[in-house]
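**Q** What follows is a single structure, and I will ask about it in a moment.
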Amino acid sequence: MHVLAVLAAALLFGTTGTSQALGPEGTTPLSIGVMRMVIGGTGLAVFAFALAARHARRRQAGALRPTPGIRPLSLMVLTGACLAVYQPLFFLGTGRNGVAVGTVVALGSAPILAGLLEWALTRRMPSPTWMGATALATLGVVLLGFGGDAGAAATDPIGLLGSIGAGASFAVIANAQRRLLDEGWDPFTVVGGMGASSAALSALALPFVDLAWLGTTSGLVMALWLGLATIAIAYVMFTWGLSGLTAATAATLTLGEPLTASVLGIAVLGERLSTLAIVGLVVLAAGLALLAWGSRSPRDPAPYAVEA
């Protein structure tokens with residue numbers, strides 16, 4: 001179930017590009033990103049804290065609970081900050097190097113950086129299954145991204161740093177949340193803290209962006225979908241799924257995002273993929289399937305148990 005939860009979150013993440021493409025005129029990546037975080041972060045906090053309160057009432061009397069303090073609060077704020085900065089870094093990469101290259105670098109670097117960061121923090125080497133599945137899935141993302149861009153211009157270094165920064169932001173989120181879960185924190189409390197922090201930080205940018213498009217029906221629908229579905233619901237599922245997986249495994253499973261985005265691009269937007277890109281889709285799907293199969297065994301140490 002934890003694997004399915006993360007894959008479902010990746011599916012919702014993958015609708016972002018199509019939603020923006022179907023949105024109204026006059027939008028900018030920054031204005032969409034800010035509004036997405038304000039709506040999504042607020043919704044995430046409300047939704048997650050409500051689930052956390054419900055879970056606390058069901059918990060057995062006398063059960064051990066983690067002690068609040070500066071460290072867990074700092075980690076929750078850190079995840080919120082990373083979620084807030086992910087957007088501008090991601091759009092910096094796609095703006096300077098194109099959607100294909102920027103997406104490939106950001107999403108392809110996230111699981112690798114998550115695995116390396118987890119190894120640095122815990123000294124636990126990722127499993128051979130993770131290494132093989134991540135290599136296969138990353139190869140699929142590369143083939144998918146570069147399948148039709150043989151004549152593209154040289155990669156812009158600033159855009160490349162932006163994409164890698166976006167991947168690193170997601171890697172930090174996965175590892176920080178994994179540490180909090182290992183310490184016994186309820187996953188819904190963890191993700192609620194991230195949502196509240198990201199919404200508060202993003203709200204500071206509201207006076208500096210043009211939100212006229214929000215007054216249209218299509219703009220409002222797009223903002224609500226991007227905020228509530230791709231942030232609030234998706235990150236609740238991702239963090240709950242993370243409670244039964246390693247940070248590296250969860251990050252690799254989110255490579256289902258470009259798979260979803262590509263399928264929607266074909267089915268909804270009428271895009272066409274080259275033969276190389278289609279091969280990339282197959283390779284990516286194979287890597288995710290291998291990782292899902294290999295993640296049936298329990299992680300070490302045992303994850304914090306969450307009641308259904």
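**Q** Any idea which of (1) surrounded by fewer than 18 Cβ atoms within 10 Å (Cβ to Cβ); (2) at pLDDT 70 or above is the one Q87 doesn't satisfy?
**A** It fails just one condition, (1).
**Q** Next up: Within region 204-255, restricting attention to residues that are outside any helix (DSSP H, G or I) and under 16 Å from Q177 (Cα atoms), which residue is farthest from the chain's Cα centre (by Cα)?
**A** G244
**Q** Go through region 1-18 and give me each residue that's in a helix (DSSP H, G or I), surrounded by fewer than 20 Cβ atoms within 10 Å (Cβ to Cβ) and either more than 14 Å from the chain's Cα centre (by Cα) or among the acidic types (D, E) (or both).
**A** Across region 1-18, the qualifying residues are L4, T18.
**Q** Okay, moving on. Could you tell me whether region 282-295 includes any residue that is at pLDDT 80 or above and of a type in the set (F, W, Y)?
**A** no
Yes or no, residue by residue, for (1) touching a residue at least 24 places away in the same chain (Cβ under 8 Å); (2) surrounded by 21 or more Cβ atoms within 10 Å (Cβ to Cβ); (3) acidic (D, E); (4) touching a Ser or Thr at 6+ places or on another chain (Cβ under 6 Å):
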site	(1), (2), (3), (4)
W185	yes, yes, no, no
S198	yes, yes, no, no
L201	yes, no, no, no
A212	yes, no, no, no
T217	no, no, no, no
G244	yes, yes, no, no
L253	yes, yes, no, no
T260	yes, no, no, no
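**Q** Taking W185 as meeting all but one of (1) closer than 20 Å to A53 by Cβ; (2) out of contact with any Phe, Trp or Tyr (no Cβ under 7 Å at 6 or more places or on another chain); (3) part of a helix (DSSP H, G or I), write down the number of the exception.
**A** Just one mismatch for W185, condition (3).
**Q** Output the residues belonging to region 46-62 that are at pLDDT 85 or above and of a type outside the set (V, I, T).
**A** Taking region 46-62 as the starting set, the residues that turn out to be at pLDDT 85 or above are 46-53.
F47, A48, F49, A50, L51, A52, A53 - these are the residues of region 46-62 that are at pLDDT 85 or above and of a type outside the set (V, I, T).
**Q** Every residue in region 112-126 that is buried (at least 20 other Cβ atoms within 10 Å of the Cβ) and assigned to a helix (DSSP H, G or I), please.
**A** The initial filter retains those residues of region 112-126 that are buried (at least 20 other Cβ atoms within 10 Å of the Cβ), namely 113-115, 117-118, 126.
Result: L113, A114, G115, L117, E118.
**Q** Considering only residues that are in a loop (DSSP other than H, G, I, E, B) and within 16 Å of L281 (Cβ to Cβ), look in region 127-176 and name the one that is modelled with the lowest pLDDT.
**A** So the first thing to find is which residues in region 127-176 are in a loop (DSSP other than H, G, I, E, B), and the list is 127, 147-156.
Those left that are additionally within 16 Å of L281 (Cβ to Cβ): 147-149.
Working: G147: 62, G148: 50, D149: 47.
Only one residue fits best here, namely D149.
The values are calculated or read from the model by the stated rules, or taken from the named source; none is laboratory data. No experiment lies behind these values; they were computed from the predicted model shown. Every residue, glycine as well, gets a Cβ built from its backbone with ideal geometry; the counts of neighbours run over all protein chains shown.
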